[in-house]
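Here the structure comes first, spelled out in structure tokens, and everything after it is commentary.
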Amino acid sequence: MPSKPKIAPKELYNYVKTSYYNFSHNKMANKALKTIEKEKGKANPKELKLAEAYAKDILGWKGYAPWLKAYTAMAGEFKEGWLPENYFGNVVVPKLQGEVGKTSFLKPLSKRLFESDAFSDIGYLVNGSFYDKNYKICSASEIKEKLFSKSGKIVFKLNNSFQGRGVFVLEQATFNTKQVVKFGAGVFQNYIEQHSFFNQIMPNSVATIRLLTVLDDFGESSLRAAYLRVGRNKDSHVKSSSQIVVPIALDSGNLNELGHSKMWFTMKEHPDTNFKFKGEQIPRFKEMVETVLTMQKKMSFVRCIGWDVVLDKDDKIQVMEWNGFHTGIGFAEFTQGPCFKNLGWEHLWKE
């Protein structure tokens with residue numbers, strides 16, 4: 001009797017990992033669909049069937065339908081060209097981002113990679129050693145003096161930090177190099193005092209503008225989505241768990257009428273400051289876009305990048321970080337999609 005074929009441990013691990021990834025995404029998508037339908041009413045069954053057919057026939061698997069259904073409920077109709085979050089993670093990331101995209105997790109490399117002073121870096125902690133903004137190694141006493149030369153407050157971001165986790169606000173009076181080393185490797189950045197426009201929305205934390213850019217097959221960079229993320233009264237920095245996200249018009253830089261909570265509830269004004277979103281224009285938005293489009297071309301190995309940008313009190317554009325791996329396309333597709341139409345990414349799974 002022939003023996004059963006053995007499954008290699010690595011293949012089994014990848015199968016379990018992918019299965020859990022898709023399960024968790026579909027669970028989130030179904031939850032989003034219920035929340036949206038609770039607020040907007042039941043989605044049109046015919047449109048939902050179009051989403052199912054598109055997932056199976058175009059994207060190659062019915063398991064991509066849940067996100068498409070949630071997008072459909074939000075938009076009120078199905079739109080060809082949408083990419084589900086888990087399709088982006090399963091297919092697009094390995095093919096167009098890959099291992100090179102993971103360099104964005106290594107915060108100390110950003111300024112060197114892009115050769116740009118737009119990053120607000122003032123120092124680094126790598127393998128237990130401190131470095132200044134020019135990558136020169138420093139003693140513990142030297143680094144403290146350099147980090148706090150302009151302000152009594154700085155920000156430290158760990159490698160692999162995301163969604164507001166792994167971010168620390170440090171003050172000169174309590175700064176302890178031995179304690180900081182225990183955090184792990186990362187980047188020290190200026191504590192940004194934001195432009196007065198953003199203080200109107202929420203003064204307690206620094207707002208971030210997420211710009212999603214793409215490099216096409218001809219080497220041309222383009223902006224595909226933009227949205228503003230602001231915190232709540234209790235937050236020292238913007239956190240995914242509590243943030244309010246507002247779409248930004250790509251052509252004008254104007255805020256959308258509606259902001260969205262993590263659970264997809266909508267609001268016309270910030271619940272803590274009563275700032276009304278509709279029609280308010282992001283200052284220097286065009287220049288922010290030009291900055292990141294230029295930088296996208298410098299990182300041609302990574303075809304889709306999410307940039308976190310802010311404008312400081314001196315009207316200077318500051319790039320806080322870039323994400324070149326799984327950039328998180330869900331909110332963009334929900335509110336501004338399809339964002340990646342005409343790139344052919346829906347066919348990548350066939351290759």
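The values are calculated or read from the model by the stated rules, or taken from the named source; none is laboratory data. Small disclaimer: the values here were computed from a predicted structure and weren't measured. Here Cβ is always computed from backbone atoms with ideal geometry, including for glycine, and neighbour counts include all displayed protein chains. For the accessible areas, the whole protein counts, side chains as well, though only heavy atoms, and no ligand, DNA or RNA atoms are used. Shrake-Rupley method; radii C 1.70, N 1.55, O 1.52, S 1.80 Å.
Go through (1) open to solvent by 10 Å² or more (accessible area, probe 1.4 Å); (2) out of contact with any Ser or Thr (no Cβ under 6 Å at 6 or more places or on another chain) one by one and return the number of the condition F198 breaks.
Only one criterion in (1) open to solvent by 10 Å² or more (accessible area, probe 1.4 Å); (2) out of contact with any Ser or Thr (no Cβ under 6 Å at 6 or more places or on another chain) is unmet by F198, namely (1).
Looking at E80, E85, E115, can you tell me which residue is in contact with a helix residue (DSSP H, G or I) (Cβ under 9 Å, 6 or more places away or on another chain), within 30 Å of E37 (Cα to Cα), touching a residue at least 12 places away in the same chain (Cβ under 8 Å) and open to solvent by 40 Å² or more (accessible area, probe 1.4 Å)? Step through it out loud before you land on a result.
On the way: E85 fails: open to solvent by 40 Å² or more (accessible area, probe 1.4 Å); E115 fails: within 30 Å of E37 (Cα to Cα).
That would be E80, the only listed residue that is in contact with a helix residue (DSSP H, G or I) (Cβ under 9 Å, 6 or more places away or on another chain), within 30 Å of E37 (Cα to Cα), touching a residue at least 12 places away in the same chain (Cβ under 8 Å) and open to solvent by 40 Å² or more (accessible area, probe 1.4 Å).
Are there any pairs with C-beta distances below 7 angstrom linking a residue in the range 50-66 that is part of a helix (DSSP H, G or I) to a residue that is β-branched (V, I, T), with the two at least 6 apart or on different chains, and if so which?
So the pair list comes out as A51/T72.
If I ask for residues that are surrounded by fewer than 18 Cβ atoms within 10 Å (Cβ to Cβ) and of a type in the set (S, T, N, Q), which ones from the range 303-347 would you list?
Hit for the range 303-347 is N342, nothing else.
How about the range 159-191: which of its residues are out of contact with any helix residue (DSSP H, G or I) (no Cβ under 6 Å at 6 or more places or on another chain) and aliphatic (A, V, I, L, M)?
V167, V169, L170, A173, V180, V181, A185
Has the range 149-157 got at least one residue that is out of contact with any Leu (no Cβ under 9 Å at 6 or more places or on another chain), without any contact (Cβ under 8 Å) to a residue 60 or more places away in the chain and surrounded by 14 or more Cβ atoms within 10 Å (Cβ to Cβ)?
Looking for residues that are out of contact with any Leu (no Cβ under 9 Å at 6 or more places or on another chain), without any contact (Cβ under 8 Å) to a residue 60 or more places away in the chain and surrounded by 14 or more Cβ atoms within 10 Å (Cβ to Cβ), one finds at least one in the range 149-157, hence yes.
Would you be able to say whether some residue in the range 161-183 is of a type in the set (G, A, S), closer than 28 Å to L215 by Cβ, surrounded by fewer than 17 Cβ atoms within 10 Å (Cβ to Cβ) and out of contact with any strand residue (DSSP E or B) (no Cβ under 9 Å at 6 or more places or on another chain)?
no
For (1) in contact with a Gly (Cβ under 8 Å, 6 or more places away or on another chain); (2) over 18 Å from F340 (Cβ atoms); (3) modelled with pLDDT of 95 or more, each residue gets a yes or a no:
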{"site": "A53", "(1), (2), (3)": "no, yes, yes"}
{"site": "P66", "(1), (2), (3)": "no, yes, yes"}
{"site": "A73", "(1), (2), (3)": "no, yes, yes"}
{"site": "F78", "(1), (2), (3)": "no, no, yes"}
{"site": "G98", "(1), (2), (3)": "no, no, no"}
{"site": "S116", "(1), (2), (3)": "no, yes, no"}
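Can you pull out the residues in the range 12-52 that are surrounded by 14 or more Cβ atoms within 10 Å (Cβ to Cβ) and small (G, A, S)?
A29, A32, A43, A51
Scan the range 260-274 and give yes if some residue there is open to solvent by 70 Å² or more (accessible area, probe 1.4 Å), at pLDDT 95 or above and over 21 Å from the mean Cα position of the chain (by Cα), otherwise no.
Checked the range 260-274: at least one residue is open to solvent by 70 Å² or more (accessible area, probe 1.4 Å), at pLDDT 95 or above and over 21 Å from the mean Cα position of the chain (by Cα).
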